[in-house]
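A quick write-up on the structure given underneath.
The values are calculated or read from the model by the stated rules, or taken from the named source; none is laboratory data. Predicted model only: the values in this text are computed from it and were never measured. All Cβ positions, glycine included, derive from the backbone under ideal geometry; neighbour counts span all protein chains shown. Heavy atoms of the whole protein, side chains included, go into the accessibility calculation; ligands, DNA and RNA do not. Shrake-Rupley method; radii C 1.70, N 1.55, O 1.52, S 1.80 Å.
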Amino acid sequence: MIFDLHSHTTFSDGALTPRVLVLRAIEKQVEALAITDHDTVDAYQDLGTTGKRLRLVHGVEFSTQWESIGIHVIGLNIDLSSDSIRAGTQFQADARMTRALRIASNLEKMGIPDAFAGAMRFSAGSYIGRPHFAQYLVSTGKVKTIEAAFKKYLGDGKPGDVKQHWAGLSQIIQWIRDANGIPVLAHPLKYKITRSKLKRLLDSFIQAGGQGMEVVSGQQAPHQTAEMARLCELKNLLASCGSDFHSPGSQWGELGAFAPLPGYVTPVWERF
Ligand code: AMP
Ligand code: MN
Ligand code: MN
Ligand code: MN
């Protein structure tokens, strides 16, 4: 059975609507899917009966920071109607708005006017994020590609990389636990930190109540999977896997297109 426990829709920065995403997942032989939009669960209200066509695992991807690094934590098997998810997504939506104003003012200083209104034009729901600023920068001709927008203005350490508004690591883990969900550290290989720092991050994550990590995140080398699986076992964590699908044919993974979890780790779905 293929579990894809990390994906995005138009309710955050994905290209497909929730229904089209589910249909594509079925086409790609995914049997259990978690929609994990950034800081919102609104996609689940837009599924209609399509959500019944496969095993749907309710999820969310929360943004936070740890030692000034931007970190993502996935909540899996969460109770969508819980007070904590309602409060958590509301807090993060407010944080996104404050942050967007800050990003716009930083861009203004770099000679880019009207970025807040410009980015908002690309945002559909409560999610306003750097991808929308990137789209705005491309639309004004300031940069040619989304990738270039991140490289020059929005990526790690650039003026548009504003992190300090998010709720803290313990807080988002608490929201997930209070919603009877399982907190999973997303894409541990994407943080550009040393292995010893990653181990420290995992220790902080576990101490705050974290329970799982993504051992497989999209396409990765077999040695990376083996290393993450060993780390997962060492730290006594549950193992998750997912594509982090954003759009067809992009740099992000295709739905269901990733290696299976090694047999010796405990899959997170054993606790669903
Ligand atoms: P935000 O949620 O506003 O912090 O924006 C982060 C999102 O931007 C990530 O979830 C990615 O989907 C996207 N992103 C990050 N880096 C890049 C990049 N270099 N090129 C394209 N998209 C990116
Ligand atoms: Mn994204
Ligand atoms: Mn992420
Ligand atoms: Mn993601």
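Only one entry in SER12, SER7, SER63, SER82 is modelled with pLDDT of 95 or more, farther than 30 Å from ILE193 by Cβ and open to solvent by less than 20 Å² (accessible area, probe 1.4 Å), namely SER82. Just so you know, in the range 220-244 the residues that are open to solvent by 40 Å² or more (accessible area, probe 1.4 Å) and part of a helix (DSSP H, G or I) include one that is nearest to ligand 4 (Cβ to nearest atom), and it is GLN224. Summed over the range 29-57, residues that are surrounded by 16 or more Cβ atoms within 10 Å (Cβ to Cβ) and either within 16 Å of ligand 2 (Cβ to nearest atom) or in contact (Cβ under 8 Å) with a residue 40 or more places away in the chain (or both) total 14.
When ALA134, ALA149 are checked against the criterion of being within 16 Å of ligand 4 (Cβ to nearest atom), in a helix (DSSP H, G or I) and open to solvent by less than 80 Å² (accessible area, probe 1.4 Å), ALA134 stands alone in meeting it. Taken over the range 249-272, the residue count meeting the criterion of being modelled with pLDDT of 95 or more, more than 15 Å from ligand 4 (Cβ to nearest atom) and open to solvent by 40 Å² or more (accessible area, probe 1.4 Å) is 9. In the range 10-30, which residue that is touching a strand residue (DSSP E or B) at 6+ places or on another chain (Cβ under 6 Å) and in a loop (DSSP other than H, G, I, E, B) is nearest to ligand 1 (Cβ to nearest atom)? Looking at residues that are touching a strand residue (DSSP E or B) at 6+ places or on another chain (Cβ under 6 Å) and in a loop (DSSP other than H, G, I, E, B), I get SER12. Assessment of the range 186-201 against the conditions (without any contact (Cβ under 8 Å) to a residue 60 or more places away in the chain, open to solvent by less than 10 Å² (accessible area, probe 1.4 Å), more than 16 Å from ligand 3 (Cβ to nearest atom) and more than 30 Å from THR98 (Cβ to Cβ)) yields no matching residue.
Within this structure, ARG102 passes the test of being over 17 Å from GLN174 (Cβ atoms) and of a type outside the set (Asp, Glu).
Applying the set (1) touching a Ser or Thr at 6+ places or on another chain (Cβ under 8 Å); (2) open to solvent by less than 10 Å² (accessible area, probe 1.4 Å); (3) farther than 15 Å from ASP4 by Cα to GLN174 leaves exactly one unmet item: (2).
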